[in-house]
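Student: Can you keep this structure in mind? I'll have questions shortly.
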Amino acid sequence: MKDKTEQIVKASISVFVKKGYLGATTKEIAAKADVAEVTLYRKFKTKQNLFEYSVRNITEDRINAVLDFSEDIGTLDFFRQLLDNRLLVISKNIKVVRMLISESINGNLPSNLRFTFVIFNSVSQAIKKYFEINNIDLDYQAYSKIIGGILLGYAILPNEKKYHSMNLKEKNSYLDKYLKIIVK
């Protein structure tokens with residue numbers, strides 16, 4: 001990302017988290033980013049484009065690593081990597097994720113930016129691809145919903161410790177609780 005773009009995105013996330021999508025203004029975002037409002041429009045054209053870019057920049061972080069898995073990875077390891085990946089993204093960006101959930105519930109976002117689409121879609125894609133490559137004849141959407149429920153629960157329910165702050169042993173213990181349910 002270029003410096004100005006990065007400044008704008010960082011400022012937009014801060015303003016969107018604080019005010020929500022509808023409450024945030026491009027004027028506020030530009031002021032927080034210390035750029036002219038015209039610069040913001042030159043780079044993103046609309047508030048929605050800026051919002052989409054900012055959200056995707058966060059939520060798509062590291063998902064390609066999961067989508068580019070090795071064909072010979074076992075099912076347990078695949079689900080471990082998938083859960084770990086999405087929990088890291090959600091944990092590191094919990095305020096943005098909670099804002100997405102809130103704005104989604106209030107109907108303030110286009111369908112392609114709702115939490116269910118942004119998070120669930122990446123999970124669903126990865127599971128579908130894994131099942132196809134490994135000729136697993138199970139309903140990938142059912143597994144996607146289970147994983148989506150785990151991720152949603154993590155995002156909205158209180159957690160003793162942030163996932164991204166856990167050490168490896170704590171992460172494995174946390175993941176194992178759910179993996180026992182998902183993979184038998």
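Student: For a footprinting-style exposure proxy, rank Ser91, Ser111 by other Cβ within 10 Å, fewest first. All intermediate terms of the calculation are to be shown ahead of the outcome.
Tutor: On the way: Ser91 18, Ser111 9.
Ascending number of Cβ neighbours within 10 Å: Ser111, Ser91.
Student: So, one more: Under the 0.36 nm per residue contour assumption, what length would be gained going from the current alpha-carbon distance of Thr116 and Ser165 to full extension? Mind showing how you got there, number by number?
Tutor: Working: separation 49, 0.36 × 49 = 17.64 nm, distance 2.48 nm.
The Thr116-Ser165 span can extend by a further 15.2 nm.
Student: If you don't mind, another one. Does anyone have the angle between helix 115-133 and the longest principal axis of the chain? Alpha-carbon axes, 0 to 90°, nearest 10?
Tutor: The helix 115-133 is inclined about 40 degrees to the chain.
Student: Take Asn134 and Lys45, extend 7 Å from each Cα along the Cα→Cβ direction, and tell me the distance between the two endpoints in nm.
Tutor: About 4.0 nm separates the two model spin labels.
Student: Which of rounded, prolate, oblate describes segment 82-181, given a ≥ b ≥ c as roots of the alpha-carbon gyration tensor eigenvalues and a/c under 1.5 marking rounded, otherwise prolate only if a/b is larger than b/c? Before the final figure, lay out the partial values.
Tutor: Numbers: a/c = 2.19, a/b = 1.07, b/c = 2.05.
Taking the square roots of the gyration eigenvalues as a ≥ b ≥ c, segment 82-181 is oblate.
Student: Name the GluC sites (Glu not before Pro) in segment 80-164 that are in a loop by DSSP and that have at most 15 other C-beta atoms within 10 Å, would you?
Tutor: Working: sites: Glu103, Glu132, Glu160; in loops: Glu160.
Hits after loop and neighbour filter: Glu160.
Student: Tell me which label goes with the value of Rg/Rh (Cα atoms, Kirkwood Rh) computed from the coordinates here: [x] 1.02; [y] 0.98; [z] 0.95.
Tutor: Only one option fits the structure, namely [x].
Student: HN-Hα J couplings of segment 35-47 from phi, Karplus 6.51/-1.76/1.60, θ = phi - 60°, integer Hz, Gly and Pro as x?
Tutor: 10, 6, 4, 5, 5, 4, 5, 5, 7, 10, 6, 9, 4
Student: Which of Gly153, Ala126, Thr25 sits farthest toward the positive end of the charge dipole of segment 16-174, with +1 on the Cβ of Lys and Arg and -1 on the Cβ of Asp and Glu?
Tutor: Farthest towards the positive end: Thr25.
Student: For a quick check: sort Met99, Met166 by the number of other beta carbons within 10 angstrom, fewest at the front.
Tutor: Details: Met99 22, Met166 19.
So the ranking, lowest neighbour count to highest, is Met166, Met99.
Student: Sticking with this one: Output the 0 to 90 degree angle, nearest 10, between the alpha-carbon long axis of helix 140-156 and the longest principal axis computed from the alpha carbons of the chain.
Tutor: In the chain, helix 140-156 runs at an angle near 50 degrees to the longest axis.
Only the coordinates and a few stated rules stand behind these numbers; no lab work does. Treat the numbers as computed from the prediction; the structure is a model and nothing was measured. Cβ atoms come from the backbone with ideal geometry, glycine included; neighbour counts cover every protein chain shown.
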